[in-house]
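Input: a single structure, listed below in structure tokens.
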Amino acid sequence: MTPRPNPNGYGNVPGAYTARRASAPIHPDGRAAGPAWANAPRTPRFVDMLTGDPAPLGTTASILWDDKALYLAFWADEPNLTATMTERDALLFYENDLEIFIDGGDSYYELEFNALGTIYEVFYIWRDAYTRGSKWDVPRFDVHHPRVHSFGGDYVPGPRTFWTGNHPRGTRWTFLDYDLPGLEVHVHADGTLNDPTTLDRGWSAEIVIPWAGLADLANGRSLPPRPGDTWGIFMGRFQQLRTRTETATAGWAAHPFGVADTHTPECFTQVTFAE
């Protein structure tokens, strides 16, 4: 289906995915090879986030759930496995990573990880929702903390968007020290990391997010969700593509955004939870 402009914001009308209840217990080790994942529907092969063109390296993802947690799995082809960043909350999108964003209406959450299992987490609150006396106006979301910044999204700088970015809603408060309670990230490298002399198969990942840890994103929704509930979830991959003279960063996703900006919740894949 040809992507259509999103009438409620900028970018494309989001893609859709149905997340089934897990048919068997999940024992995460990064391989995503258990019977539950065998019965889970996969996303389409990832495409270029901006253009919708097929990504040159195969990537797919799946989502399952039960009464305890949300589970996500990735399978990423990669002939030359590379990951060097080991510091927590390092800027992993400057090398190869996989990414998850979860929309919470007036907030959203970002998780990135590389093939070493290094994690980057950020929590965002739209500034127009952060008002005096609101639910966000509490000590743990103190905007005066040195690790809190104002953020305008990914954009091409220009006179009109220098301060605010391109998103119609404006800027967000960005909480860099946020750690989602109970998060588990498991990765498995099918090859030899950082050895260009070997030909690798790729890497996979399993992520466990307890429903209790998503309280900041529930926005009035049931935790766990009720069958038929829908959440906006972005599943993406950033890849450094090297040529003879330079390196280009490619952004791939389960569905095309139509804009080169991952911070666009209205474009996140609409995930409906089903029995």
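Every number in this text was worked out from the coordinates using simple rules, so none of it is lab data. On a predicted model such as this, the values are computed, not experimentally measured, just so you know. Here Cβ is always computed from backbone atoms with ideal geometry, including for glycine, and neighbour counts include all displayed protein chains.
Just to verify a number: FRET efficiency for residue 18 and residue 249, C-beta to C-beta distance, R0 = 35 Å, to 0.05?
Rounded to the nearest 0.05, the efficiency is 0.70.
Let me check the size of region 143-225 from its C-alpha atoms; what are the radius of gyration and Dmax in Å?
19.2, 52
If you place +1 on the Cβ of every Lys and Arg, -1 on the Cβ of every Asp and Glu, and leave all else neutral, what size is the dipole of region 108-148 about its Cα centre, to the nearest 20 Debye?
With only Lys, Arg, Asp and Glu charged at Cβ, the dipole is about 200 debye.
How large is the Kirkwood hydrodynamic radius of region 132-275, in angstrom, based on all distinct alpha carbon pairs?
19.0
Hey, if you put +1 on the Cβ of every Lys and Arg and -1 on every Asp and Glu Cβ in the chain, which of 144, 223, 10 ends up farthest toward the positive end of that dipole?
Checked the options; the winner is 10.
Can you pull the three principal axis extents for the Cα set of region 198-244, in Å, largest first?
Principal-axis extents of the Cα atoms in region 198-244, largest first: 51, 20, 19 Å.
Going 7 Å from the Cα of residue 138 along its beta-carbon direction, which residues of region 198-218 have the amide nitrogen within less than 18 Å of the resulting point?
Of the residues in region 198-218, 210-218 have backbone N under 18 Å from the label point off residue 138.
Rounded, prolate or oblate: which fits region 16-274 when a ≥ b ≥ c are the square roots of the eigenvalues of the alpha-carbon gyration tensor, with rounded for a/c under 1.5 and prolate only if a/b beats b/c?
Oblate is the answer for region 16-274, as a/c is 1.5 or above yet b/c matches or exceeds a/b.
Please give the net charge around residue 74, taking every other residue with its beta carbon less than 13 angstrom from that of residue 74, where Lys and Arg add +1 and Asp and Glu add -1.
Neighbour charge sum, excluding residue 74 itself: -3.
If you keep only loop residues by DSSP, which trypsin sites (Lys or Arg not before Pro) in region 182-275 have at most 12 other Cβ atoms within 10 Å of their Cβ?
Passing sites in region 182-275 are 244.
Sort 159-165, 50-56, 69-75, 15-21 for me by packing, meaning the mean count of neighbouring Cβ atoms within 10 Å per residue, highest on top.
69-75, 15-21, 50-56, 159-165
Which percentage, to the nearest 5, of the DSSP beta bridges contained in the chain is antiparallel?
Expressed as a percentage, antiparallel bridges in the chain total about 90.
Assuming R0 = 22 Å, what is the FRET efficiency of residue 84 and residue 260, from their Cβ-Cβ distance, to the nearest 0.05?
My answer for the efficiency is 0.35.
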